[in-house]
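S.K.: Starting off with a structure, shown below.
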Amino acid sequence: MRASAAAPDRECDRAAQVSRVPIGGDRHVAYAEYGDPDGTPLLLFHGTPGSRLVGALFDDPANRKSVRVIALDRPGYGRSSVWPDRRLDDTAAFALPVLDDAGVDTATVAGFSGGGPHALALARTRPERVDRVAVVSGAVPPSLQEEPPAVQRFLGVLGNHAGWLLAGAFAVTGRLARVLPPSFVVSQYTTAEGPALSEAEEELVHEEFVAAIERTRSGAVTEAGLLADPWEFDVAAVESPVSLFHGELDTNVPLAAARRLADTIPGAELRVDDTDHLTTLLRARERVLTACTQ
């Protein structure tokens, strides 16, 4: 599954090296690696908004379990080029060049929150490159949501009809995140009833969010709209093995919607924890990594 590869334009980013890969025209996509460089590959899609730095949350357990985590910035996030009119069906166009550059033929694909639909889209459109799928606190198709949370509906409307306004709101949020304590960011994805994060985890979540939107807000605006629209692929046609991890306390994506998604995907397994949107990711890390090596 792994071969040596050399990608151009690399630079140091926290403890990881950042690589940029051409994806057509003048666009490129950035990615970083964590865990065991000789381990079983896991392609990781961040949330909305998010960045490749989500991979840092997996670094220590991935080393222990001999998993090589490849975390990319989707277009319009972090250090990747903007692609404002992309759709979910375009996921392979920016994800497969990353796998090719990393020398990976097939991989387990995991997606957190807004990354979940991208993981499923890749499995549906290029199943020969996907061993299995893990969706953590994943967004679901609008058709499976009886009543989306008001914030999600509002973001979807802005993303589709007033992107400039949503971009401005993300810009303000980004400036506040740079000067306020990490709890400002963490509180957007957690509840008071959920498990507490460690200080190191809070700092990583904060860094990941800031990195996501400090250069451009295009990715967040684009995905606010595309995730609210009907998805271009049929989740019921996903043939790769799928595991869904969701929290009872998730207010970003209610558990009932995740249950409907699990019922729609043939053979999908749903694992439920007493966690909220973000802490489900932290709780599920070990199980997602274990699935890579099975």
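The values are calculated or read from the model by the stated rules, or taken from the named source; none is laboratory data. Model, not experiment: these values are computed from the prediction. All Cβ positions, glycine included, derive from the backbone under ideal geometry; neighbour counts span all protein chains shown.
S.K.: For residues in region 174-198 being in contact with a helix residue (DSSP H, G or I) (Cβ under 7 Å, 6 or more places away or on another chain) and hydroxyl-bearing (Ser, Thr, Tyr), which is surrounded by the fewest Cβ atoms within 10 Å (Cβ to Cβ)?
M.R.: Result: Ser183.
S.K.: Follow-up. Name the one entry in Glu201, Glu223, Glu232, Glu208 that is surrounded by 20 or more Cβ atoms within 10 Å (Cβ to Cβ), in contact with a Leu (Cβ under 8 Å, 6 or more places away or on another chain) and under 19 Å from Gly111 (Cα atoms).
M.R.: Glu208
S.K.: Of the residues Ala93, Ala102, only one is surrounded by fewer than 21 Cβ atoms within 10 Å (Cβ to Cβ) and at pLDDT 95 or above; which?
M.R.: Ala93
S.K.: Restricting to region 238-284, name every residue that is charged (D, E, K, R) and either over 17 Å from the mean Cα position of the chain (by Cα) or crowded, with 21+ Cβ neighbours inside 10 Å (or both).
M.R.: Selection gives Glu239, Glu248, Asp250, Arg259, Arg260, Asp263, Glu269, Arg271, Asp273, Asp274, Asp276.
S.K.: Follow-up question, since we're still on this one. Among the residues of region 70-78, are any over 25 Å from Arg132 (Cβ atoms) and aromatic (Phe, Trp, Tyr)?
M.R.: For region 70-78, residues over 25 Å from Arg132 (Cβ atoms) and aromatic (Phe, Trp, Tyr): absent.
S.K.: While we're looking at this one, here's another question. Show the residue pairs meeting these rules: Cβ distance below 9 Å; 6+ apart or different chains; first residue within region 234-250 and free of Cβ contacts under 8 Å to residues at least 40 places away in the same chain and within 15 Å of Gly114 (Cβ to Cβ); second residue crowded, with 21+ Cβ neighbours inside 10 Å and among the charged types (D, E, K, R).
M.R.: Close Cβ pairs satisfying both conditions: none exist.
S.K.: Name the residues in region 75-115 that are among the polar types (S, T, N, Q) and not in a loop (DSSP other than H, G, I, E, B), would you?
M.R.: Across region 75-115, the qualifying residues are Thr91, Thr108.
S.K.: Would you be able to say whether some residue in region 94-103 is among the β-branched types (Val, Ile, Thr), more than 19 Å from Asp38 (Cα to Cα) and more than 10 Å from the chain's Cα centre (by Cα)?
M.R.: No.
S.K.: Restrict the check to region 47-63 and report whether at least one residue is in a loop (DSSP other than H, G, I, E, B) and of a type in the set (Asp, Glu).
M.R.: No, the conditions are met nowhere in region 47-63.
S.K.: Which one of the conditions (1) touching a helix residue (DSSP H, G or I) at 6+ places or on another chain (Cβ under 7 Å); (2) surrounded by 14 or more Cβ atoms within 10 Å (Cβ to Cβ) does Gly115 fail to meet, given that it meets all the rest?
M.R.: Every condition holds for Gly115 apart from (1).
S.K.: Now for a separate question. When region 222-248 is examined, which residues are found to be modelled with pLDDT under 95 and assigned to a helix (DSSP H, G or I)?
M.R.: The answer is Ala224, Gly225, Leu226.
S.K.: Examine region 265-284 for a residue that is within 29 Å of Ala196 (Cβ to Cβ), in contact with a His (Cβ under 9 Å, 6 or more places away or on another chain), among the β-branched types (Val, Ile, Thr) and part of a helix (DSSP H, G or I), and state whether such a residue exists.
M.R.: yes
S.K.: Continuing with this model, one more query. Within region 154-173, track down each residue that is surrounded by fewer than 16 Cβ atoms within 10 Å (Cβ to Cβ), modelled with pLDDT of 85 or more and among the β-branched types (Val, Ile, Thr).
M.R.: Hit for region 154-173 is Val172, nothing else.
S.K.: Filtering region 130-153 down to residues that are surrounded by 15 or more Cβ atoms within 10 Å (Cβ to Cβ) and of a type in the set (S, T, N, Q), which residue is nearest to Leu96 (Cα to Cα)?
M.R.: Ser137
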